[in-house]
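The values are calculated or read from the model by the stated rules, or taken from the named source; none is laboratory data. Since the model is a prediction, treat every value here as computed from it, not as a measurement. Here the Cβ positions follow ideal geometry from the backbone for every residue, glycine too, while neighbour counts run over all protein chains shown. Accessible surface areas use protein heavy atoms only, side chains included; no ligands, DNA or RNA. Shrake-Rupley method; radii C 1.70, N 1.55, O 1.52, S 1.80 Å.
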Amino acid sequence: RFVNGQITNDIRKATASSAIAACVLNVKGKLNAHLFASVRDDSIFIDADPALNEALTGRLERYIIADDVQIEDVSAQFSLFHVIGKPPDIADGTLISANRFGQPGSDLWVNSTRHDAVAESLSAEVPFCDRDCAEVLRIEQGVPSWGRELTEEIIPVEANLEESSIDYAKG
């Protein structure tokens with residue numbers, strides 16, 4: 001209930017195998033964050049641009065009033081890989097479908113201690129795209145990114161996030 005009140009999409013659409021995109025807004029409807037959320041057991045995993053770590057945590061904590069909610073930063077515990085197209089055949093980690101680059105894909109969450117081994121295994125299975133390559137792909141697909149097209153000065157509709165990140169019927 002708490003998370004659903006803080007984001008623009010319906011958290012009930014997120015599952016353990018499928019993430020949703022959403023925004024966190026300020027009182028004027030401008031962006032505080034763009035994120036992806038998935039649900040696992042009794043937790044909701046939220047991932048956003050690392051530059052938002054402190055601000056997003058503070059923003060969410062500020063609105064915990066009577067809810068039984070705990071916010072924990074688990075960034076150091078996980079490495080996140082994204083694969084476009086067919087999901088990888090990797091036993092390590094958790095696979096979650098997510099559309100990060102305007103194309104169907106999968107997020108692979110793994111224990112950070114396994115980062116290098118999983119990166120090597122993935123690169124044997126699918127072509128690797130470094131940060132520069134990912135930036136070109138993102139721009140070609142028209143996907144906005146925090147700190148570039150997404151800032152605290154714009155509303156989600158200005159960044160073309162309405163279709164992917166907003167649910168006007170969530171209640």
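A few remarks follow.
- Residues of the stretch 20-67 satisfying the condition of being among the aromatic types (Phe, Trp, Tyr) and closer than 20 Å to GLU149 by Cβ: PHE36
- Taken together, the criteria exclude LEU35 from residues that are open to solvent by 60 Å² or more (accessible area, probe 1.4 Å), assigned to a strand (DSSP E or B) and within 22 Å of GLY102 (Cα to Cα).
- THR8 satisfies every condition listed in (1) in contact with an Asp or Glu (Cβ under 8 Å, 6 or more places away or on another chain); (2) among the β-branched types (Val, Ile, Thr); (3) free of Cβ contacts under 8 Å to residues at least 40 places away in the same chain except (3).
- You will find that of SER75, SER123, SER79, the residue that is in contact with a strand residue (DSSP E or B) (Cβ under 6 Å, 6 or more places away or on another chain), under 24 Å from SER145 (Cβ atoms) and among the small types (Gly, Ala, Ser) is SER79 and no other.
- Residue check, LEU31 at pLDDT 95 or above and under 17 Å from the mean Cα position of the chain (by Cα): yes
- Counting the residues of the stretch 54-95 that are among the small types (Gly, Ala, Ser), under 16 Å from the mean Cα position of the chain (by Cα) and over 22 Å from ARG131 (Cα atoms) gives 1.
- Looking only at the stretch 1-32, and only at residues there that are open to solvent by 30 Å² or more (accessible area, probe 1.4 Å) and charged (D, E, K, R), the one that is nearest to LEU80 (Cα to Cα): LYS13
- Screening TYR63 against (1) open to solvent by less than 30 Å² (accessible area, probe 1.4 Å); (2) modelled with pLDDT under 95; (3) among the aromatic types (Phe, Trp, Tyr) leaves a single unmet condition, (1).
- A residue that is closer than 22 Å to VAL143 by Cα, in contact with a Leu (Cβ under 6 Å, 6 or more places away or on another chain) and β-branched (Val, Ile, Thr) occurs nowhere in the stretch 92-100.
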